[in-house]
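Please treat every number below as a calculation from the coordinates, not as lab data. Nothing here was measured: the structure is a model prediction, and the numbers come from that model. Positions of Cβ are backbone-derived with ideal geometry, glycine not excepted, and every protein chain shown enters the neighbour counts.
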Amino acid sequence: MSKTKFAKEQKRKKKRETIKKNKIKHLSHLRQMILKFDELEEVRCEAVDLDSDYKKIIQDLEKAISVTKNGIGLAAPQIGQNKRIIIIRPDLKTNAMQSFVNPRISEISQDTTVMKEGCLSYPGYFAKVIRSIEIKVEHDFNGIKKEDSFKGIEARIIQHEIDHLNGKCDVGEEYKKSKIYNF
Ligand SMILES: [Zn+2]
């Protein structure tokens with residue numbers, strides 16, 4: 001290997017390392033976007049003004065959830081935006097996401113199930129929560145009111161995320177209880 005070739009190789013290696021370092025920095029920045037434990041402000045969120053730049057919030061939610069291993073839903077207050085926006089990612093294999101602006105449950109089934117839920121803002125904590133099996137959700141889709149039906153896991157995630165918009169989180173309640181017991 002000639003001297004110039006060696007220098008070139010070193011330069012390339014350094015560049016690769018910088019790219020890797022920046023990527024790690026970027027990923028950790030995205031991971032830090034989700035507010036954890038006491039950082040999360042539990043308040044009733046404001047309705048989204050459809051003339052505002054709310055699509056930026058949707059993009060940020062998508063970025064924040066995409067770097068989590070098993071996040072299946074996220075609400076805007078969890079990234080510090082107290083606006084009525086949620087996203088769901090029910091199938092981790094396809095990674096498909098659906099966002100809802102100003103979601104409102106317009107119909108809810110009497111049939112319920114109990115399941116253990118986790119929350120990206122309270123890692124390591126779980127709560128058994130009763131949820132309706134089927135719901136109808138009214139939301140603003142590109143400025144038009146739309147109503148969609150959901151059942152099973154999708155219905156459960158949407159109910160969990162809408163709770164966040166109303167300043168409520170059952171998993172957060174478990175976390176708070178554990179803090180009292182640890183006194
Ligand atoms: Zn949650």
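Distance between the pseudo-spin-label points of K151 and K55 (7 Å out from Cα toward the beta carbon): 3.5 nm. DSSP beta bridges confined to the chain are antiparallel in about 95 percent of cases. Bridging of K69 to aspartates and glutamates at a Cα separation below 16 Å is possible for D91, E117, once same-chain residues fewer than 8 apart are set aside. Cβ crowding within 10 Å ranks F37, F100 as F37, F100, fewest other Cβ atoms first.
For segment 33-181, what relative contact order do you get, as a whole percent, if you take Cα pairs closer than 8 Å and at least 6 residues apart?
Working: 281 pairs, mean separation 37.7, N = 149.
Answer for segment 33-181 is 25 percent.
A simple spin-label model places the labels of S2 and D38 6.4 nm from each other, with each point 7 Å out along Cα-to-Cβ. Going from the residue with the fewest nearby Cβ atoms within 10 Å to the one with the most, S121, S149 rank S149, S121. Applying Stokes-Einstein at 25 °C and 0.890 mPa s to the Kirkwood radius of the chain, computed over alpha-carbon pairs, gives a translational diffusion coefficient of 135 µm² s⁻¹. When D148, D49 are sorted by how many other C-beta atoms sit within 10 angstrom of their C-beta, beginning with the fewest, the order is D49, D148.
Can you pick out the pairs among K63/K128; K20/K93; K128/K179; K63/K146; K93/K145; K55/K146 whose Cα atoms lie more than 23 Å from each other? Numbers along the way, then the final one.
Numbers: K63/K128 28 Å; K20/K93 25 Å; K128/K179 18 Å; K63/K146 25 Å; K93/K145 29 Å; K55/K146 17 Å.
Beyond 23 Å between Cα atoms: K63/K128; K20/K93; K63/K146; K93/K145.
Of all aspartates and glutamates in the structure, the ones whose alpha carbon falls short of 16 Å from that of K116, not counting any fewer than 8 places away in one chain, are E154, E161, D163, D170, E173, E174.
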